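The values are calculated or read from the model by the stated rules, or taken from the named source; none is laboratory data. Given the structure is predicted, the values throughout are model-derived calculations rather than measurements. Here Cβ is always computed from backbone atoms with ideal geometry, including for glycine, and neighbour counts include all displayed protein chains. For accessibility, only protein heavy atoms count, side chains too; no ligands or nucleic acids. Shrake-Rupley method; radii C 1.70, N 1.55, O 1.52, S 1.80 Å.
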Amino acid sequence: MTTQSILLLVLFLAVLLAAGYPLGLYMAKVAGDAPIRGLGWLQRGENFLYRLAGMKTGAERAMGWKHYAIALLVFNTIGAFFVYGLQRLQGVLPFNPQAMPGVSPDSSFNTAVSFVANTNWQGYSGEQTMSYLTQMLGLACQNFFSAATGIAVIFALVRGFSAKSSKSIGNFWVDLVRSTLYILLPLSLALSVVFMGEGVIQNFSPYKEVTLLDQVSYETPKVDAAGQAVLDAAGKPVMEAQVAATQTIAMGPVASQEAIKMLGTNGGGFFNVNSAHPYENPTFMSNFLQMLAIFIIPAGLCFTFGRMVGDMRQGWAVLAAMTLIFVVMTAGVFQAEQQANPALQALGVDQQQSTLQAGGNMEGKETRFGISSSALFAAVTTAASCGAVNSMHDSYMPLGGMVPLLLMQFGEVVFGGVGTGLYGMLMFAILAVFIAGLMIGRTPEYLGKKIQAHEMKMVSLAILVTPTLVLVGTAIAVMLEAGKVGVANPGAHGFSEILYAFTSAANNNGSAFAGLSANTPFYNVMLAIAMWFGRFAVIVPVLAVAGSLAAKQRLSANAGTMPTHGPMFIGLLVGVVILVGVLNYVPALALGPVIEHLQLFTQLP
């Protein structure tokens, strides 16, 4: 690691901690029913929404975990149908200055599931496919709702830990509304204004056609009146010269979507190249703020957890485990990318100490960010299930590309998504105390709640569902021709592209190894299935755990209680997360990035 990389990482974590702590305490207030001082105007709006919906008040709002889960599933299913219909009909709807036609059925299905599941996997080019209305009313709104859903679930789970023999884990509708009104909307509004100040565009203008200062000459195959390629006597396409004198520059309401894309750990880009586009991420400062926005709510929720269970040390312990894994993995990607690609060195491209390779692997990275900011962004976005990218992970060194893969394969619990990261890490915490209990021959307890057979069954489901989706989906894709046809690179790297796609989808990340052409009926359907079950087949067991824990008495700590806030527990928690990830994925990783790394260094003279 270079000094620049170390300083950048330290600065990032210091600012994150300084901003995340007060936000976490504030979110603990949002999770309660008590009025929040100074926000009376928002509370009047909240109450108006409840009256408009004919919703009950007070204790009558209480939901058991099954009722909570049904409300959550119904809401998100309706959202998926709405986003699907909006895409299919966008050709006849307003706010479509480029006259974008309706999106194909399989792509609409994939995108609807993707944004509802907080994955934001994009098999399409945003500026060439989606109208302004679809971007705003469909995709941006789901960025809010999917993030609020994740926050609602962690609120429900933490109530399960803090409750004293209760049948209720809260009310989904209240949690959804309060998460949106009190957390996501204010932060997004403030951040979007800052982004506009940095140069992120925000308008409803038609795309701009500008004249190029230097015209570009190129050749294209000549076609006949029927649109068929004209062939010469040798059967090869006849080429004709073309000159490009103008360029189309996409416009749109970008800043408003960029803010919630990051804060909600959504990741879907307005433009095809996402945060590598200068209109989405123009400066070093905007890049730093985007990374901070990705982590700030997941980090803050650790402090929310500590405050709600009445012991801030518990929140610090979970945050420490997350940070420890993150720092080690980020150091790995820094180290991998800050060395030159030996294949390019063998070609002699670095003999003159060109800036392309002298500082490391710059392929697929923006020069305005460089290696350190690009590598840190890659670690942040895959640790936090965001999926936004400011560089092409497909161009990373084999081990550099393996780090984002591993961060996702750990279950997106290293900070993780908004809400999802913490409730995923708490599932691992329950598993850790269960293992510790087996070692010492005591009934395991966590935060005063006994962990018994029912909880362990639900925890096992929540932890194992995503590896199953990833490995089964990857196996099907590499066996079928429909899965192999979209792979641009043969061999180990092509396998990594497929593995990355299913890892990203099932873990609700959304980033991609760009070499895989995934906008096909096969991948649109397969990845949509992985995204849906990767999201909701985890949430339901988590809510079941919340309901079971809420119904139990909270026991007082005694001399035999295992402390869950000290270095020993932090080490145990980190070990369990890594062990589960290794056991699930090492064989698959060996077939992809590991063997590619060995090939890269052994096939050269």
Could you work out how far apart the two model spin labels at Ser460 and Ala559 are, taking each label as a point 7 Å from the Cα in the direction of the beta carbon, and quote it in nm?
3.5
Compute the long axis of helix 3-31 from its Cα atoms, compare it with the longest principal axis of the Cα atoms of the chain, and write down the angle in degrees, 0 to 90, nearest 10.
50
Region 465-605 - percent of accessible surface contributed by carbon and sulfur, probe 1.4 Å
72
Table column - 3J(HN,Hα) (Hz), region 464-478, Karplus curve with 6.51, -1.76, 1.60, x for Gly and Pro
8, 5, 6, x, 4, 4, 5, 6, 5, x, 5, 4, 5, 5, 7
In Å and on Cα atoms, what radius of gyration and Dmax does region 519-572 show?
19.5, 59
How far is the Cα center of region 68-127 from the Cα center of region 495-522, in Å?
19
Hz values of 3J(HN,Hα) by residue in region 312-325 - Karplus curve (6.51, -1.76, 1.60), Gly and Pro given as x:
4, 4, 5, x, 4, 5, 5, 4, 5, 5, 4, 5, 4, 5
Among region 384-402, those whose backbone N falls under 17 Å of a label point 7 Å along Cα→Cβ from Asn489 are 390-402
Divide by every residue of the chain the summed helix terms, -39500 (n - 2.57) for each DSSP H run of at least 4, and state the resulting mean residue ellipticity at 222 nm, rounded to the nearest 500 deg cm²/dmol.
-19000 deg cm²/dmol
3J(HN,Hα) from dihedral phi, region 227-238, Karplus parametrisation 6.51/-1.76/1.60, rounded to Hz, x for glycine, proline:
x, 8, 5, 8, 10, 8, 4, 8, x, 9, x, 7
What is the Cα centroid distance between region 527-561 and region 388-460, reported in whole angstrom?
12
Kirkwood calc, region 223-273, C-alpha pairs only, radius in angstrom 15.5
Of all accessible heavy-atom area on region 163-254, the percent that carbon and sulfur account for (1.4 Å)
59
The alpha-carbon pair-distance distribution computed for the chain, with 10 angstrom bins and whole-percent values, is 3, 16, 27, 27, 16, 6, 3, 1, 0, 0
For Asn203 and Ala226, what does the FRET efficiency come to when R0 = 35 Å and r is the distance between their Cβ atoms, rounded to the nearest 0.05?
0.30
Taking 0.36 nm per intervening residue step and subtracting the Cα-Cα distance, what contour gain separates Phe95 from Gln247 on full extension?
52.5 nm
What's the whole-number percent of alpha carbon pairs in region 167-244 lying beyond 16 angstrom?
76
A 1.4 Å probe over the protein heavy atoms gives region 37-107 a carbon and sulfur accessible-area percentage of 68
Points 7 angstrom from Cα along the Cβ direction at Ser125 and Leu73: gap in nanometres?
4.0
Taking the chain and dividing mean pair separation by its residue count, relative contact order in percent (alpha carbons under 8 Å, at least six apart):
20
With a 1.4 Å probe and every protein chain left in place, work out the accessible area per residue of the chain in Å², rounded to a whole number.
40
